[in-house]
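The values are calculated or read from the model by the stated rules, or taken from the named source; none is laboratory data. If you're wondering where the values come from, they're calculated on a predicted model, not measured in any experiment. Cβ sites come from the backbone with ideal geometry, for glycine too, and all protein chains shown count toward neighbours. Heads up: the accessible areas ignore ligands, DNA and RNA and are worked out on the full protein's heavy atoms, side chains in. Shrake-Rupley method; radii C 1.70, N 1.55, O 1.52, S 1.80 Å.
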Amino acid sequence: MVAELFPSDPNPYAGDPVFELHRGGKIEVTSSVRVADADDLSMAYTPGVARVCTAIAEDPSLVRQYTWKSNVVAVVTDGTAVLGLGDIGPDASLPVMEGKALLFKEFGGVDSVPIALDCTDVDEFVETVVRMAPSFGGINLEDISAPRCFEIERRLKERLDIPVFHDDQHGTAVVVLAALRNALRVTGKSISDIRVVISGAGAAGVACARILLQAGVGDLTVVDSKGVLHEDRSDLNPVKLSLAQDTNTGGLSGRLVDALDGADVFLGVSGGTVPEDAVARMAPGAMIFALANPNPEVHPDIAHRYAAVVATGRSDFPNQINNVLAFPGIFRGAFDVNASRITEAMKLAAAQALADLISPTDLRPDYVIPSPFDPRVAPAVAAAVSAAAHTDGVARP
């Protein structure tokens, strides 16, 4: 009893396996060459390194061949929208950014550096990333609040000639599209005939809506915390207004529960809870992707009562929509062909490659998306992305 009241270790997290795994951080920098003697040192550093520097100064394209730039991503955040935790600041965001860097290496063979910026002003953020960009081959934006994230990504794409990718937007969208393509195969429905309702108009919701429209969904409705997005609403920011103009062809209004009546697909990327009676009014053979973590908008036990295919963002249920299925392979494919940017076609190609990994004989309602531990995932995505980069003319020698 005394030991419990007065533990010898003042650290309250001592012994917790999660905290022990994070102790000292989850990543480190290691050497790719040995420095065992004076000859090694003279080549790796002075005087030999000066020859390499001079060559790059004369021909800047050599930087990809003679530095790590061709295989390193900056994972950049301001800590304003971290996982489901919200605005917790740059320091508290670092465990997530380290985790992202770990996943880049483990699943895509891509090196990365976590960078948490102590600024939330869009101008300052963009200028900071632009100034440090020469050290990196790509920029992965992470956990930045909407709508600022849209402006930050747009401006960085305009100013940089390396891939810029906001994973909360596009990684989610790629995996959602891949899972939906296979869910449609299970249900026998056509992508052009379904009606999709998206709950959430933040980074993930907007990107999912855009990629689904590009993929051929003809009837799509987006709902935010105040109701269905439509052009007559006076409270929409420019991103939401643009989305309202391109969606809701049925002219719906009202709340989420109204929009779900007769819908084929529910995609939740906002949190909250959807009432069971609203789920019950969805179309036969419905598909429910409830991706909020840790609590899905529709619990799978309820979703399975009414839906043919159910997916969540959790690893303890089938059909996990996990961004790690996308971003390592996307950057791997972009780096392999020295792509100047990541195009819409490259994202669509990544989604199709993911979907195609599940053969018709293996496809079933509880298996519409591969596991992150399927070794085929990153190579398949990378190959598809590289091919699309060549087709789009953004691959470089």
Helix 327-336 vs. the chain, principal-axis angle (Cα, 0 to 90°, nearest 10): 50
Label point distance in nm, ASP39-ILE56, each placed 7 Å from Cα along Cα→Cβ: 2.5
Distant-in-sequence amide H partners of SER112 (H built 1.01 Å from N, under 5 Å): VAL73
Highest average packing first - 169-178, 156-165, Cβ atoms within 10 Å: 169-178, 156-165
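How would you order 63-69, 30-36, 377-383 from highest to lowest mean count of nearby Cβ atoms within 10 Å? Please report the intermediate quantities before stating the final value.
Working: 63-69: 15.1, 30-36: 8.0, 377-383: 22.3.
Per-residue Cβ counts within 10 Å, averaged per peptide and sorted highest first, yield 377-383, 63-69, 30-36.
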Ratio Rg/Rh, restricted to the chain and using Cα atoms, in which Rh is the Kirkwood radius: 1.01
Pairwise centroid distance, computed over Cα atoms, of region 199-252 with region 17-94, Å: 39
Whether region 17-63 is rounded, prolate or oblate, judged on the alpha carbon gyration tensor where a/c under 1.5 counts as rounded: oblate
Relative contact order computed over region 1-114 (Cα-Cα under 8 Å; 6+ residues apart), in percent: 21
Under the Debye formula (equal points on every Cα, no solvent term), log10 I(q)/I(0) of region 229-276 at q = 0.13, 0.26 Å⁻¹: -0.34, -1.17
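Treat every Asp and Glu Cβ in region 264-397 as -1 and every Lys and Arg Cβ as +1, leave all other atoms uncharged, and give the resulting dipole magnitude about the Cα centre to the nearest 20 debye. Write down the numbers at each step before the final one.
Numbers: 9 positive and 13 negative charges, 78 e Å.
The calculation lands at about 380 debye.
Based on the alpha-carbon gyration tensor of region 236-384 and its eigenvalue square roots a ≥ b ≥ c, which shape applies: rounded if a/c is under 1.5, prolate if not and a/b is larger than b/c, or oblate? Kindly include the intermediate steps, with their values, before the conclusion.
Working: a/c = 2.22, a/b = 1.38, b/c = 1.61.
Taking the square roots of the gyration eigenvalues as a ≥ b ≥ c, region 236-384 is oblate.
Which entries of LYS100/LYS157; LYS26/LYS69; LYS69/LYS105; LYS189/LYS226; LYS69/LYS240 have Cα-Cα distances beyond 25 Å here? Mind showing how you got there, number by number?
Details: LYS100/LYS157 21 Å; LYS26/LYS69 22 Å; LYS69/LYS105 15 Å; LYS189/LYS226 30 Å; LYS69/LYS240 36 Å.
Table pairs above 25 Å Cα-Cα are LYS189/LYS226; LYS69/LYS240.
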Kirkwood Rh and Cα Rg combined as Rg over Rh, evaluated for region 266-341: 1.15
Theoretical ellipticity at 222 nm over the chain - DSSP helices of four or more residues, -39500 (n - 2.57) apiece, nearest 500: -13000 deg cm²/dmol
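If you roll a 1.4 Å probe over the heavy atoms of the protein chains, what accessible area per residue do you get for the chain, in Å²? It would help to have the intermediate numbers written out before the result.
Numbers: 18730 Å² over 397 residues.
Computed with neighbouring chains in place, this is 47 Å² per residue.
What shape does region 1-127 take by its C-alpha gyration tensor, where a ≥ b ≥ c are the square roots of the eigenvalues and a/c under 1.5 counts as rounded, a/b above b/c as prolate, and the rest as oblate? Present the calculation step by step, with values, prior to reporting the outcome.
Working: a/c = 2.99, a/b = 1.63, b/c = 1.83.
Oblate.
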Cα-only Debye scattering, region 53-118: base-10 log of I(q)/I(0) at q = 0.11, 0.16, 0.27, 0.28 Å⁻¹: -0.37, -0.62, -1.03, -1.07
Listed peptides 103-115, 321-333 by packing density, highest first (mean Cβ within 10 Å): 321-333, 103-115
